[in-house]
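Student: Submitted below is the structure of interest, expressed as structure tokens.
The values are calculated or read from the model by the stated rules, or taken from the named source; none is laboratory data. Only a predicted model underlies this, so the values are computations on that prediction, with no experimental measurement involved. Ideal geometry is used to build each Cβ from the backbone, glycine not excepted, and the neighbour counts take in all protein chains shown.
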């Protein structure tokens, strides 16, 4: 028997689901397409092909559209950079450990992406480390660092944190020797637990030791740089002894462009590189040197004050900022 034609069927069930079916019937071949739309935003499309009414091939595709709303949680902690806060070189290497900083341990209970921001009147800078922080090497275990966010001078970090790892956030400032309060906020699916490290390991106070002298025509002379037939750089040498080990910052105030050298134990004016630990020229950003070094109580140090240019004389004052 040969039959040709088309039939359209539609029905609405009691649960509000609309079903439509279109049948195309030809000789020995039946092709049926059935589309069902379910109101729960689950769409299922089924295609059934019957060839010669003896074999059935079925293909089913399902798409489930779901939408979940999550609430973000904000955590906050406040602290301050004070004269008793620890100091380090930032960025490293640098000429002086004069950036105060605060160390904050971070822990989360859920692996996810978090936003960490520092709010302050200071121009802040932040580092995030994995597990530990070494103030002498800010590249070790470093995950991310951040400075300004847009037109703001606040830290802004967006990072993925894992619950099995302890993170170390170091809050400091862009410029050296800046003090002031700040607050840290975090945003994520769960709160971040902040634990501030105490600064008890830092000296309770610092002492400024001052001395004055001058470079005169009667001062000793030597070859500071290059090869000359006649020594023409005036200099003064000072011995440094400390009662408490720690980082000392040495600076000079004068009307001339100064230069400084730090030596271990002895200084030989005819071999200026022997025993030399550090040297510095315009460390303060002007024409005055600024040198920072860890001073041991068992060692003897020699500071040599001279000038950038030859044959310069004049008075100066030397300041040493550090432990007793």
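Student: Residues that are modelled with pLDDT of 90 or more and either within 17 Å of the chain's Cα centre (by Cα) or closer than 19 Å to residue 194 by Cα (or both), at least 3 per element: which strands (runs of 3 or more DSSP E) completely within region 56-121 meet that?
Tutor: Here the list reads 99-107, 112-119.
Student: Go through region 240-266 and count every residue that is closer than 13 Å to residue 299 by Cα and touching a strand residue (DSSP E or B) at 6+ places or on another chain (Cβ under 6 Å). Walk me through it before giving the result.
Tutor: Kept after step one, since they are closer than 13 Å to residue 299 by Cα, are these residues of region 240-266: 240-246, 262-266.
Applying the additional criterion that residues be touching a strand residue (DSSP E or B) at 6+ places or on another chain (Cβ under 6 Å) yields 240, 242, 246, 262-264.
Number of matching residues: 6.
Student: Consider residue 317 carefully, then state whether it is in contact with a strand residue (DSSP E or B) (Cβ under 7 Å, 6 or more places away or on another chain), surrounded by fewer than 17 Cβ atoms within 10 Å (Cβ to Cβ) and either at pLDDT 80 or above or in a strand (DSSP E or B) (or both).
Tutor: yes
Student: Taking the condition of being more than 17 Å from residue 278 (Cβ to Cβ) and at pLDDT 85 or above, how many residues in region 205-235 meet it?
Tutor: 14
Student: Another question, then. Are any residues in region 151-165 at pLDDT below 90, touching a strand residue (DSSP E or B) at 6+ places or on another chain (Cβ under 8 Å) and exposed (fewer than 13 other Cβ atoms within 10 Å of the Cβ), and if so, which ones?
Tutor: none
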